[in-house]
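Remarks on the structure that follows.
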Amino acid sequence: MTTVKHDIELPSNIPELLLEKHANYLISYGTNKDEYNYSQTEHMRMSGMYWGLTALDLMGKLEQTNKEEVLEFIKQCQSDSGGISASMQHDPHLLYTLSAIQILCMYDALNVINVDKIVNYVKERQQADGSFAGDQWGEVDVRFSFCAVATLSLLNRLDAIDVEKAVQFVLKCMNFDGGFGSKPGSESHAGLIYCCTGLLSITGHLHLIDADRLGWWLCERQLPSGGLNGRPEKLPDVCYSWWVLSALTILGRLHWIDKKALIDYILTCQDVESGGFSDRPGDMVDPFHTLFGLTALSLLDKNFSLKPINPTYCMPEYIIDRLGLKPSRLDA
Amino acid sequence: MHGRVKVRTTAEQEEIKKRERAAKVVQYKADIATVFQKRKDKIWDDELLLITKRMLLSNSDIYTLWNIRREVFQNNKWTDEEYKQLLENEMSLTENCLKDNPKSYSVWHQRCWVMEQMSEPDWKRELSLCAKCLNIDERNFHCWDYREFIVQKAGISNEEEFEFSTTKILNNFSNYSSWHYRSRILYKMFGTTLEEIPIIDEKYREELDLVMNATFTDPNDTSAWFYQRWLLDKCMTTCRLWRAIIKKDIAYVIIDNNILIEPVSLSLYINSEVVDVQWQLYPDEKFAKLQIARFVKPLENLDHAKEVFIKLQETTYKLSYSEIESAWIYKDNSSLHRQNSNDEQLNEQLKSYNQLSKMEPNNKWALLTGILLMKKIDLKKFYTDILNNLMLLSKIDSLRKNYYKDLRSKLLVEYNLLEIWKKENDMEIQIRIDLSGLDLTKLHNNHYFGLFEIVNLDANQLENSLHQLSTLQRCTRLSLSSNGITSLKNFPTLHNLEFFSLRNNKLTNSEEILNLIKRHKNLKNLDLTDNPVCEKLEPQILNVHLITNLSLES
Ligand SMILES: [Zn+2]
């Protein structure tokens with residue numbers, strides 16, 4: 001293989017998957033609420049909780065979490081407008097609305113919030129061109145389109161928005177490489193490709209994707225180290241293992257990457273002392289990369305002791321089954 | 001959360017850090033409490049601006065604080081001068097925040113919001129700020145997006161932006177963002193409805209040369225190679241008719257393009273009169289590349305029809321009556337091999353890239369481009385060379401060997417179709433295809449199989465691709481022996497199937513076999529020889545002749 005400028009070298013020793021340590025890391029994260037890292041991430045608390053709880057559920061440890069405390073917190077984060085905020089007194093936003101709904105679905109506890117008001121909040125975010133603004137301040141991004149569609153489909157209320165128009169907007173974000181950017185004109189990026197592929201999977205519009213072209217671009221994200229980057233000429237990062245793999249799985253082309261090499265890369269990104277995963281070997285761990293390290297491993301190999309993950313919703317498959325949802329995929 | 005190296009520190013350093021952080025936590029909690037209290041009390045004062053500013057300078061991602069600042073802006077009565085100054089100050093604040101955190105969504109959005117509030121926005125200044133920012137990080141997509149926002153608002157012309165993209169690319173070929181931007185602007189200015197190339201011919205040739213220059217300058221940078229693939233391997237979105245066969249009792253229509261952006265509108269005309277048709281869509285309602293209509297009441301006027309047309313989207317296709325087929329048919333055999341207006345240029349480039357491959361035998365990109373060029377010039381002529389390149393690619397780029405296997409399958413299928421068509425009479429539609437022993441892994445171009453009746457896929461590796469056989473709706477004899485098949489769960493229902501060979505696979509589940517038989521009412525003969533499941537099956541079930549041990553029948 002020719003030299004690649006942006007990559008890293010893996011050590012020769014690849015650690016085992018340290019499930020016990022990861023569970024302990026996530027459970028203790030947030031027990032000390034005065035901790036610096038914890039207070040510094042208050043503005044994304046709801047998503048942080050979703051990352052941690054989903055990871056714990058995949059490891060079969062959801063019972064060890066404080067369900068009542070979480071439900072009470074979510075209840076308090078629903079604003080009069082119906083939307084849900086990252087944390088108490090922060091402002092509602094589609095990003096945190098989706099995270100909250102994902103958690104509630106995991107706990108099978110949608111009844112603790114006012115669902116009709118959520119539906120209304122999401123519906124009001126849709127713009128004339130089909131796009132979604134994240135909140136009342138008008139920032140538009142396909143991430144928010146995904147949040148809106150995923151939220152409503154989890155609530156079985158997709159009929160509340162103009163789905164065709166939402167799809168049309170996503171198509172405007174398609175690029176020469178078959179990928180998607182955050183808005184029309186924006187460069188393709190694996191995270192946004194996940195959002196768009198996910199949205200088209202939920203709404204049954206995967207035929208609009210040129211799967212061979214996009215699949216090739218996605219499998220080209222794999223670097224000699226085995227890790228995946230999110231755009232050409234960028235460094236590998238564990239979270240892209242998820243964005244790229246989930247999209248490839250939805251497109252029925254997961255086999256286009258080298259699974260063994262990627263598994264080795266992800267395992268190397270574990271902190272063998274504290275537990276948790278980081279973006280690259282030797283960096284600081286966080287719940288975000290811990291979740292996406294585990295979800296990627298769940299997609300890659302059934303032999304890890306992890307529950308299967310649904311590639312569209314990034315939630316354990318058994319919950320998607322329980323909800324009776326069938327997001328489409330190109331491999332069956 | 002990205003790129004923060006975990007550093008080992010001494011106990012003493014750890015202690016100092018801990019104290020500093022504890023102080024920061026206390027400060028944060030006090031500040032945010034004050035901010036929320038003031039907001040609750042609707043006190044939109046300077047102190048609120050001051051505290052939120054301080055907090056945002058240390059963490060610019062706290063989106064609610066930006067919301068609160070906007071509320072302060074909106075909830076006070078300002079003189080024009082004051083408001084102007086306020087907005088100017090906000091511009092400096094966002095600029096300072098971006099120095100620290102150039103990828104903060106909230107900051108970039110605040111900047112857009114402020115610009116929209118200004119009565120006399122200085123777009124030029126913003127463009128030069130973008131230039132500065134892109135000089136520091138050419139790949140910052142937030143900055144590119146902001147630049148796009150400015151370009152739209154300031155009404156900057158496509159021509160200027162085309163110039164900008166040229167300068168950017170000539171300055172540094174190794175910048176994927178610039179190539180992306182160029183594809184957008186070129187398409188906007190010179191996009192074409194031609195099926196083979198994305199932009200008008202003259203520009204197309206120029207771009208091919210530009211990209212060759214780039215790939216030779218730095219053959220290991222991936223950016224330009226992706227752009228080149230766009231030029232050489234266009235995504236076909238225009239809906240066009242590929243083949244059709246219309247008989248009294250049944251009609252088959254196949255549509256050929258990569259993706260179907262627009263909903264398909266398809267109608268059948270006999271003697272200029274539209275026929276009332278219920279199309280069944282395959283593989284499913286959305287991927288409707290194969291459409292079949294079964295007429296309960298036969299089309300009696302078809303035999304003596306003067307004209308038969310198919311209208312697909314806005315285009316009308318004239319069918320011809322074929323004595324051989326006793327049917328009205330349509331064929332477009334050119335779709336797998338179109339004429340290029342620039343074959344000379346393509347051949348020149350092929351020569352150059354072959355040389356590059358010789359000089360740098362480990363460069364996969366030159367080999368891949370070689371394949372794309374050869375396919376574009378003449379798949380049949382270069383068939384062996386293409387397969388050679390693919391073999392080399394799987395070796396030097398082994399991470400993606402399965403991708404190359406699937407690409408090989410696709411090209412093999414297309415090559416074999418071309419071979420069949422060569423022998424096919426003008427008025428004939430060949431019903432037999434033999435693709436046995438080719439190590440095929442996928443049939444991504446499965447719509448091409450829609451009209452075959454006898455399909456031999458023995459000795460391939462299609463165990464994970466059974467769902468792709470759903471377009472074999474006309475097939476009566478299918479052979480899938482020796483494909484390593486372990487399960488029939490994803491095997492589609494093929495209405496016409498009569499003879500089906502599954503010899504020498506790894507089938508174990510008798511339920512699946514019974515289900516298969518139940519789904520296929522016309523199935524007469526099912527060969528399961530050399531499958532573990534044979535032991536579990538009765539030799540005669542339902543009305544199907546099951547072959548479960550070696551026999552001479554075929
Ligand atoms: Zn990451």
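The values are calculated or read from the model by the stated rules, or taken from the named source; none is laboratory data. The structure displayed is predicted, hence computed values, not measured ones. For neighbour counting, all protein chains shown are included, and Cβ atoms are generated from backbone atoms with ideal geometry for every residue, glycine included. Note: accessible area is taken over every heavy atom of the protein model, side chains too, but ligands, DNA and RNA are not part of it. Shrake-Rupley method; radii C 1.70, N 1.55, O 1.52, S 1.80 Å.
Backbone geometry of the stretch B:454-470 corresponds, through the Karplus equation with coefficients 6.51, -1.76 and 1.60 at θ = phi - 60°, to 3J(HN,Hα) couplings of 10, 10, 10, 10, 4, 6, 10, 10, 9, 4, 9, 10, 4, 4, 6, 7, 5 Hz, x marking Gly and Pro.
For chain B, what's the relative contact order in percent, using C-alpha pairs closer than 8 Å and at least 6 residues apart? Before the final figure, lay out the partial values.
Values: 761 pairs, mean separation 33.3, N = 554.
Computed over chain B, the figure is 6 percent.
To put it simply, the accessible area of chain B at a 1.4 Å probe is 49 percent carbon and sulfur. Across the stretch A:278-293, rounded Karplus estimates of 3J(HN,Hα) from the backbone phi angles (6.51 cos²θ - 1.76 cosθ + 1.60, θ = phi - 60°) give 10, 5, 9, x, x, 8, 5, 7, 7, x, 4, 6, 5, 4, 6, x Hz, Gly and Pro being marked x. Each of B:Lys318 and B:Tyr83 was given a label point 7 Å from its Cα along the Cα-to-Cβ line. The distance between the two points is 6.7 nm.
Work out the FRET efficiency for B:Thr493 and A:Ile8 from their Cβ-Cβ distance, taking R0 = 60 Å, and round it to the nearest 0.05. Write down the numbers at each step before the final one.
Working: r = 49 Å, r/R0 = 0.82.
The calculated FRET efficiency here is 0.75.
Full extension of the chain between B:Asn362 and B:Lys506 gives 48.0 nm of extra length, using 0.36 nm per residue less the Cα-Cα distance. Near the amide H of B:Arg243, within less than 5 Å, lie the amide hydrogens of B:Ile254, all on another chain or at least 5 residues away, with H placed in the peptide plane.
For the stretch B:384-470, what's the relative contact order in percent, using C-alpha pairs closer than 8 Å and at least 6 residues apart? All intermediate terms of the calculation are to be shown ahead of the outcome.
Details: 86 pairs, mean separation 22.2, N = 87.
Worked out over the stretch B:384-470, it gives 26 percent.
For the chain pair B and A, the interface hides roughly 7200 square angstrom of accessible area in total, found with a 1.4 Å probe.
Check the stretch A:16-79 and count each lysine pair with an alpha-carbon distance under 20 angstrom, considering only pairs eight or more places apart or from different chains.
Values: A:Lys21/A:Lys61; A:Lys33/A:Lys67; A:Lys33/A:Lys75; A:Lys67/A:Lys75.
Lysine pairs meeting the criterion: 4.
Assign one of three labels to the stretch A:178-332, namely rounded, prolate or oblate, based on the Cα gyration tensor with a ≥ b ≥ c the square roots of its eigenvalues; rounded applies when a/c is under 1.5, prolate when it is not and a/b is larger than b/c, and oblate otherwise.
Numbers: a/c = 1.76, a/b = 1.24, b/c = 1.42.
Cα axes put the stretch A:178-332 in the oblate bin.
Remark: for residue pairs B:Lys84/B:Lys153; B:Lys331/B:Lys401; B:Lys289/B:Lys358, the C-alpha separation exceeds 31 Å in B:Lys331/B:Lys401; B:Lys289/B:Lys358.
For the stretch B:433-442, the Karplus equation 6.51 cos²θ - 1.76 cosθ + 1.60, evaluated at θ = phi - 60°, returns couplings of 9, 10, 10, 7, x, 10, 6, 5, 10, 9 Hz by residue, with Gly and Pro reported as x.
Pairs spanning more than 28 Å between alpha-carbon atoms, out of B:Lys234/B:Lys381; B:Lys442/B:Lys536; A:Lys234/A:Lys259; B:Lys286/B:Lys489: B:Lys442/B:Lys536. If R0 equals 22 Å, the separation of the Cβ atoms of B:Lys381 and B:Asp439 corresponds to a calculated FRET efficiency of about 0.45. A simple spin-label model places the labels of B:Ala131 and B:Asn75 4.1 nm from each other, with each point 7 Å out along Cα-to-Cβ. With contacts taken as Cα pairs under 8 Å and at least 6 residues apart, the stretch B:274-329 reaches a relative contact order of 18 percent. A full extension of the chain between B:Lys18 and B:Lys53 corresponds to an added length of 10.1 nm, given 0.36 nm per residue minus the alpha carbon distance. Measuring with a 1.4 angstrom probe and ignoring ligands and nucleic acids, B:Cys534 comes out at about 20 Å² accessible.
I'd like to verify something in chain B: which complete DSSP H helices, judged by Cα projection on the helix axis, reach 27 Å or more and average at least -1.0 on the Kyte-Doolittle scale?
Helices meeting the criterion: B:401-423.
What the Cβ-Cβ distance of A:Gln168 and B:His304 gives, at R0 = 45 Å and to the nearest 0.05, is a FRET efficiency of 0.50.
For the stretch B:26-73, trypsin sites (Lys or Arg not before Pro) meeting the loop criterion (DSSP other than H, G, I, E, B) and having at most 14 other Cβ atoms within 10 Å: B:Lys42. Extending 7 Å from Cα along the Cβ direction at A:Asn111 and again at B:Thr238 yields two label points whose distance is 5.9 nm.
From the Cα gyration tensor of the stretch B:144-228, with a ≥ b ≥ c the square roots of its eigenvalues, which class applies: rounded if a/c is under 1.5, or else prolate if a/b is larger than b/c, or else oblate? Before the final figure, lay out the partial values.
On the way: a/c = 2.11, a/b = 1.20, b/c = 1.75.
Oblate shape, in that a/c is at least 1.5 and b/c is the bigger or equal ratio.
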